[in-house]
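Read the figures in this text as sums done on the coordinates, not as results from a lab. Since this is a predicted model, take the numbers as computed values, not measurements. With ideal geometry, Cβ positions are generated from the backbone for all residues, glycine too; neighbour counts draw on all protein chains shown.
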Amino acid sequence: MSNEPQVAVAFVVREKFGWALASLVRIYRFADVAFRLYFVDCGYPKPVVAEIDRFLADKDNVVRLVSPAFLLPNESLNLLLPRVTERYVCIVQNDVLVGRGFLGEQLATFARHGCDIVQPHTDEIDGETGAMRPHRHEYTDTGIVRQGGRLLVQVPAGDLPPTLSEVRRIRHFELHTLMLTTRAARQMSPLPAINSREHVDLAVHAHARDFVAYVNERARAAYVLPPIRDDDAEYFRFRWDERLALRSHELVMQRWRIANMPTAMSFVVQHRRFLDPRLVRRTAPDSAAWSEADIYDDANWPRRAPTC
């Protein structure tokens, strides 16, 4: 790796902590370009942060940022962006498991297309069954158009058409993991402190600034759905607060004069069911369900998923 990294990996918590170590291990294991890690510690449970500390102890490319209070993902990004000196910022939320060549493929897309944002292919892993499937793929065909002074965010209904190109222009993206030029990221910051519709807000903001986004299906990542552990419950409750979700929806609608965006309340309410004590698991790192071969080797990626 070069001594002068081009990429800042912004490692931020999404909704739980138990997969953070496995996520970090895979970033370091499969990185094919130099990077600097910006690790935002905003309330990690002591056993988890102790594991992370042991893993990072011999790494010389870490910028650690500590918050005395819980932070939403956008708030974590606002904390670290002023400190970034690299040309690109790659958001990796702490329940995301990356594949080999993940960073290099995205950088190649920037070089080839001169774009501002790159979305990798993202799968989701069912935390209860271990089943892996593509994450909605809304971003592949969603459009943003202006009509009568308002924006329409158009999500296709029914089955999505097959992918025609591995690398293609998009208008909409998700934030589980996303690479941006640092210039673009700073022009869109500070990001609003919202707990839902962050992806819509960022996509419309990028559209308003004429930023160009591509998806590269060869850059692979997956994120892990709940259940949660007992020491995740307090942060999970904070992350998916229902009142904040409704305010978040209203803020994004008003900020961008969006005419037709349904609320995310059904998602938030459904997600909060994982706080049911009958579903919450006893404290033990979820990543313990993975063998070393699962975490350190991607020979089976993405055909094999963990059973937690």
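Annotations for the structure displayed:
- Shape of region 7-282, Cα gyration tensor, a/c cut at 1.5: rounded
- Taking the charge dipole of region 1-59 about its Cα centre, with +1 at Lys and Arg Cβ atoms and -1 at Asp and Glu Cβ atoms, the residue from L56, G43, V9 reaching farthest to the positive side is G43.
- Projecting the Cα atoms of P227, C115, L279 onto the charge dipole of region 7-282, computed from C-beta unit charges around the Cα centre, puts C115 farthest toward the positive end.
- 3J(HN,Hα) couplings calculated from phi for region 65-82 with the Karplus curve 6.51 cos²θ - 1.76 cosθ + 1.60 (θ = phi - 60°) are, in sequence order, 10, 10, 10, x, 10, 4, 10, 6, x, 5, 5, 4, 5, 4, 5, 8, 4, x Hz; Gly and Pro show x.
- Principal axis extents of the Cα atoms in region 1-106, from largest to smallest and rounded to whole angstrom, are 34, 27, 23.
- Amide H contacts under 5 Å for H135: T122, D123, E124, restricted to partners 5 or more places along the chain or on a different chain, H placed in the peptide plane at 1.01 Å from N.
- Assigned charges on the beta-carbon of Lys, Arg, Asp, Glu; region 174-287 dipole about Cα centre (debye): 100 debye
- Region 9-17 - phi-based ³J(HN,Hα) in whole Hz, Karplus 6.51/-1.76/1.60, Gly and Pro as x: 8, 8, 9, 10, 6, 9, 8, 7, 10
- Distant-in-sequence amide H partners of V212 (H built 1.01 Å from N, under 5 Å): D116, I117
- The charge dipole of region 7-282, taken about its Cα centre with unit charges on the Cβ of Lys, Arg, Asp and Glu (plus for the first two, minus for the last two), comes to roughly 460 debye.
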